[in-house]
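Engineer: This is the structure I have questions about; it appears just below.
The values are calculated or read from the model by the stated rules, or taken from the named source; none is laboratory data. Because the structure is a prediction, the values reported are computed rather than measured. A quick note on method: Cβ atoms are made from the backbone with ideal geometry, for glycine too, and the neighbour counts reach across all protein chains shown. In case anyone asks, the SASA skips ligands and DNA or RNA and just uses the protein heavy atoms, side chains included. Shrake-Rupley method; radii C 1.70, N 1.55, O 1.52, S 1.80 Å.
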Amino acid sequence: MSTTPTRVFVARLLGLDVFDPLGDRLGRLRDVVVLSRGTQGAPHVVGIVVEVPGKKRVFVPMTRITSIDQTQIICTGLVNLRRFEQRGAETLVVAEMFDRRVTLRDGSGDATIEDIAMDQHRSRDWFVSKLFVRRGHSLSPLSRLRRNETLIIDWADAQQGPRTEPQAATQFVANHEDLKPADFAEALQEMSDKRRFEVASELQDERLADVLQELPEDDQVEILSALDVQRAADVLEEMDPDDAADLLGELPSAQAEELLQLMEPEGAEDVRRLLEYDEDTAGGLMTPVPVILPPEATVAEALAHVRREELSPALASSIFIARPPLETPTGRFLGVVHIQQLLRFPPFEALGNLVDKNLEPLSDQAHISEVARTLATYNLNSLPVVNDAGRLVGAVTVDDVLDHLLPDDWRAHDGEAPIRRLGGRIG
């Protein structure tokens, strides 16, 4: 590594690829880890957090970094692939320092950290050197005129507030707006409870709902319980009904009922129906809002429905044909039209002519072992679920079954735990 002093700003490094010496991509930078030195000086930069294939985040010490700039990062290639776990004295720059309030030592008021620069010293060690801040509230009339002014200051020119002080999450959310919900959830799991709640509070309801669905149940319960009760109900409305039902099932009955009362009646009704089923049945696994159309609908109409962005690939793979009413529970269930069939027929063809009548629907009381066996036998992404009256009440997708088969803590697991065994052999 060069002995020439080097400076880089952390926000500009986020998302950069990390390579080994041969040019093979190791992963993508997600955060920087620093160690406070108290009154002895600026924090010591000890490493970076890299997201490697498989969406696992690992720690790479700065001693393994051979080159770092605003375009790429190169390391020695010797990396421990154990999942990153933050130690007590360590601080994550993006997750914990961005948006922190500081007091400017020149007496001009408060400011908020929006970026941090780190310098490499001649000793080859890296240290935090500069803060990019936005000036905030001040008692000085002159400073109030400069409230939104941004400036770069030395680390020593700012007094840090206590770590227990409430902190915004504007910069963190902005820097991670392109992350998929599962990846955002992974980042949340690395944070302290305090910071996790602050970030969750900053998210829009729809985004928070998507992220909650990717978290372990214990984390879902903690975050939802920390929200204002009306906002918690709003977030539940944005969740898929089956995920909302699973989450409410983990809450005390009185709390769950209060939230259901605050939800819109239509959404609450779907969730209440799901809560009536045992979790090991098709009814307990299903979503009550698959794509449902009448037999008179055309191929063109069906393709328009499955293009909806909010549909998962598994749900978009099939159109369920039923007599009105088309909301679950529907009129008489007629069958399924697979998306491949839609691509083989002209736009004006009626769906009633394309129904796969050989696919038997599942009973809403069918055990998960039967659900999994049927999906595997016929290589399907989803299955229709009907009640005793032959009315469609929902659909079970392969991802619903996988969520149930995997260990409860699979989202936070490195993959060594065995998959839960079912009652009966599958396949």
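Engineer: How many percent of the accessible area of the range 93-134 is carbon or sulfur, using a 1.4 Å probe?
Structural biologist: 42 percent
Engineer: Let me ask something else. Report the residue, chosen from D218, D183, D106, that carries the largest GNM mean-square fluctuation when the chain is represented by alpha-carbon nodes joined by springs under 10 Å.
Structural biologist: D106
Engineer: How large is the accessible surface per residue of the range 28-79, computed with a 1.4 Å probe and reported in Å² as a whole number?
Structural biologist: 43 Å²
Engineer: List, in order, the whole-Hz ³J(HN,Hα) value for each residue of the range 263-272 obtained from phi through the Karplus relation with A = 6.51, B = -1.76, C = 1.60 and θ = phi - 60°; use x for Gly and Pro.
Structural biologist: With coefficients 6.51, -1.76 and 1.60, one gets 6, 4, x, 5, x, 5, 5, 4, 5, 4 Hz.
Engineer: While we're here: Quickly estimate the mean residue ellipticity at 222 nm for the chain, helices only: each DSSP H run with n ≥ 4 gives -39500 (n - 2.57), and the total goes over all residues, rounded to 500.
Structural biologist: -8000 deg cm²/dmol
Engineer: Let me ask another. What is the set of long-range amide H partners of V289 at a cut-off below 5 Å, with H atoms built 1.01 Å from backbone N?
Structural biologist: Answer set, sorted by chain and number: A395.
Engineer: Please give the contour-minus-distance gain from A376 to L311: 0.36 nm per residue of separation, less the Cα-Cα distance, rounded to one decimal in nm.
Structural biologist: Stretched fully, the A376-L311 segment lengthens by 21.2 nm.
Engineer: Ok, one more. Taking the alpha-carbon centroid of each part, what is the distance from the range 277-348 to the range 202-276 in angstrom?
Structural biologist: That distance is 25 Å.
Engineer: Who wins for biggest fluctuation among D210, D246, D125 in a Gaussian network model of the chain, springs between alpha carbons below 10 Å?
Structural biologist: Maximum fluctuation in the GNM of the chain, among the listed residues, is at D125.
Engineer: Calculate the spin-label point distance for L81 paired with F348, positioning each point 7 Å from the Cα along the beta-carbon direction, and give it in nanometres.
Structural biologist: 5.7 nm
Engineer: Mind grabbing the accessible area of F59 for me, 1.4 Å probe, Å², rounded to tens?
Structural biologist: 60 Å²
Engineer: Also, I was wondering about something else. So which residue, out of R124, R332, R308, gets the largest mean-square fluctuation from a GNM of the chain using Cα contacts under 10 Å as springs?
Structural biologist: The residue with the greatest mean-square fluctuation here is R308.
Engineer: Another question, then. What list of ³J(HN,Hα) couplings, whole Hz, do you get for the range 14-20 from phi and the Karplus terms 6.51, -1.76, 1.60, once you set θ to phi - 60° and write x for glycine and proline?
Structural biologist: Listing the rounded values in order: 4, x, 5, 6, 10, 10, 8 Hz.
Engineer: Next question. With a point put 7 Å past each Cα toward its Cβ, work out how far R122 is from D356 in nm, to one decimal.
Structural biologist: Result for the modelled spin labels: 7.2 nm.
Engineer: Further, regarding this structure: Name the long-range amide H neighbours of G109: under 5 Å, sequence gap of 5 or more, or other chain; modelled H, no Pro or chain starts.
Structural biologist: Under 5 Å from the amide H of G109 lie the amide H atoms of L104, each far enough along the sequence or on another chain.
Engineer: Which whole-number percent gives the relative contact order of the chain, counting Cα pairs below 8 Å spaced six or more residues apart?
Structural biologist: 10 percent
Engineer: Same structure again: Using a Förster radius of 56 Å, what is the FRET efficiency between D278 and N148 based on their Cβ-Cβ separation? Nearest 0.05, please.
Structural biologist: Efficiency, from the Cβ-Cβ distance: 0.50.
Engineer: Can you pull out the GluC sites (Glu not before Pro) in the range 156-241 whose DSSP state is coil and whose Cβ has at most 11 other Cβ atoms within 10 Å?
Structural biologist: Answer in residue order: E177.
Engineer: With unit charges on the beta carbon (Lys/Arg positive, Asp/Glu negative), name the residue among P329, L303, P347 whose Cα is farthest towards the positive pole of the charge dipole of the range 218-370.
Structural biologist: So the residue furthest toward the plus end is P347.
Engineer: On average, how much accessible surface per residue is there in the range 183-340, in Å², for a 1.4 Å probe, leaving out ligands, DNA and RNA?
Structural biologist: For the range 183-340, the solvent-accessible area averages 43 Å² per residue.
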